[in-house]
1. Using 1/(1 + (r/R0)^6) with R0 = 51 angstrom and r between the beta carbons of residue B:57 and residue A:202, what's the FRET efficiency to the nearest 0.05?
2. Based only on other Cβ atoms within 10 Å, what is the fewest-to-most ordering of A:338, A:320?
3. Counting just the Cα atoms, what span does segment B:65-150 cover along each of its three principal axes? Round to the nearest Å and put the largest first.
4. Which ³J(HN,Hα) values, rounded to whole Hz and listed in residue order, are derived for segment A:78-94 from phi using the Karplus coefficients 6.51, -1.76 and 1.60 in 6.51 cos²θ - 1.76 cosθ + 1.60 with θ = phi - 60°, glycine and proline given as x?
5. Would you mind checking which residues have amide H under 5 Å from residue B:124's amide H? H placed 1.01 Å from N; only 5 or more apart, or other chain.
6. How do the peptides A:9-22, A:43-56, B:98-111 rank, highest first, by the average count of neighbouring beta carbon atoms within 10 Å per residue?
7. Using only the alpha-carbon atoms, what does segment A:6-144 span along each of its principal axes? Please give whole angstrom values in decreasing order.
8. Working only with C-alpha atoms, what are the Rg and Dmax values of segment A:199-398, expressed in angstrom?
Amino acid sequence: MASRRSNQGLDWLNFFVANVQTGFGPFIAVYLTTEAWTQAEIGQALSLGTIAVMLSQLPAGGLVDRLRDKRLVAAGAGIAVAVSAVLFAAVPDWPAVMLAEVLHSVASALLGPAIAAISLALAGYGGLGLRLGRNARFASLGNGCAALALGLCGAYLSSRAVFWLTAILMLPALFALSQVQAGELRTQAADLAADRGCASLLRDTVALLADRHVLAFAGCVVLFHLSNAALLPLVASDVTREAGDMANLFIAISIVLPQAVVTVISPWVGRAADRSVRRLVLTLGFAAVPLRAALFAMVADRPELLVAAQLLDGVSAAVFGVMVPVIAADLTRHSNQFNLCMGVFGLASAAGATASTFLAGRIADAASETTALLALAGCGILAALAVLLASGQRHPRPLPLDVAVEPAS
Amino acid sequence: MSLFHISASRVRLFPVTILLFAMALPHVPARAQEPAQAVPHPPAASAATQETMARGEATGTLGRVVIGPDAKVVGRIIEVLVDQAGEPRAAVLDVGGFLGVGSRRVAVAWRALHFNPSPDGQGRIVLDMTANQIRATPEYKAADKPVTVAAPPQAGPAHP
């Protein structure tokens, strides 16, 4: 039973970390343009970031498993993200930006699993779904508020100010982290993995991937991102064109609306994750993606469909964001490889998202945007079917809320 | 360090400086002669001559803000397209978008851009069209595909 203080600290940690991460999205391309970087150079910098993200997922997950003090990992990663933001703001030339991209990628790969691990340690396996639902709620609040604040900052102040603000927002995040009391973190899981040491990382990774449940679900994650990631970027420029003077408002709504939906429904999704409706909710969440793609195909004529499409985005984001860590925890309950599993799913997410934007861009150039949307919708249907099948084979039933997990000693 | 040490190094530099000075002198009259004679270039290329642009004369293009006739921001220049003769025909602008999402790339005619440099080199770049007017232009993809360039509407006799 964790105290209110620790739980609230974790809540606000999620909020401020989401704040910080919002500044590092597509906005980097805008900022580098204002610093007279050529498009080719910007592309290279972003590609380096993507590669760094993918390469660091597995080692970061393994590292978080093995380090006892998860809070220290989160703090270190948070500081690294802040340093990265400062580098972007202060020294926007080639070597500094490359360093900042790599630093941010590695730090993000550590931060996600660290927060999930703290959540698991605080809530235990039985209460994990609810705790992650709360995480998602505060993270989406953070994303929504930051999108507005940073967007206004970028429009009315300067692009550089956005990164300074991002760096400053790490301070309240660290304060929130300090509110999580170390004594309340159940350390059984940490101790078991920490005894392994780094040399076993490769062996553990192979063992984890050999588990067909993990592999099946990783495949679902890839398919989900393959169908989901490129949807908004594909139609965003159409929306801007059609909306004219209201373009910024439309885009702001498109970004904030899904976050609002996640804020509202994620605790409910978290509760569902702990019960037998998990499979149904998961499939519905995945099925929202092809539906959204179909709506986007019609949005060029009816911009109001954008609102409905982005509501669906919120639904799928909430389901995905809450369910994935819960499933990772279930799959690794007896091997205590929770963070490594999160790393595997993180790698799958990054790979799927990258492939999505690449393929969608190619198809849109070669054929048409509608063809690309239909292709993504097809992937989405595949993803929903895959997750329906994969979750049917789910093994351990969720434990009742009041049963604590003890290590086999 | 002793005084002797410092002066010794200076003495060593002295002949070098004289040599450099001697080499520099012939460059001054050479620039004046350039238009009159056609000097055949030796296979080993000689050093480039230098021209200057006065302070306030030059305006950078990449990443610079372009404003419309209503003084509202249209976008930023991300690329300059030149034709076969090397003349700039269009500038590609990054238009619109919020926090990096939803921006489009539109090519606008070079002749519609006006560069007004200022003494600090940060001149204003003004486009003859507003963001709304270039809204319907198809997006710019790449230089090796046919490019649709937005040009100012013809000011002809009013059509019914």
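Computed from the coordinates by the stated procedures, all read-outs in this text should not be read as laboratory data. Just so it is clear, the structure is predicted and the values come from calculations on it, not from any experiment. Note that each Cβ is placed from the backbone with ideal geometry, even for glycine, and that neighbours are counted across all protein chains shown.
1. It comes out at approximately 0.25.
2. Details: A:338 28, A:320 24.
With the sparsest Cβ surroundings first, the list reads A:320, A:338.
3. 37, 35, 21
4. 3J(HN,Hα) across segment A:78-94, in whole Hz: x, 5, 4, 5, 5, 4, 4, 5, 4, 4, 4, 6, 8, 10, x, 10, 3.
5. The answer is B:116, B:118.
6. Ranked by mean Cβ neighbours within 10 Å, highest first: A:9-22, B:98-111, A:43-56.
7. Computed over segment A:6-144, the largest-to-smallest principal extents equal 51, 31, 20 Å.
8. 17.7, 58
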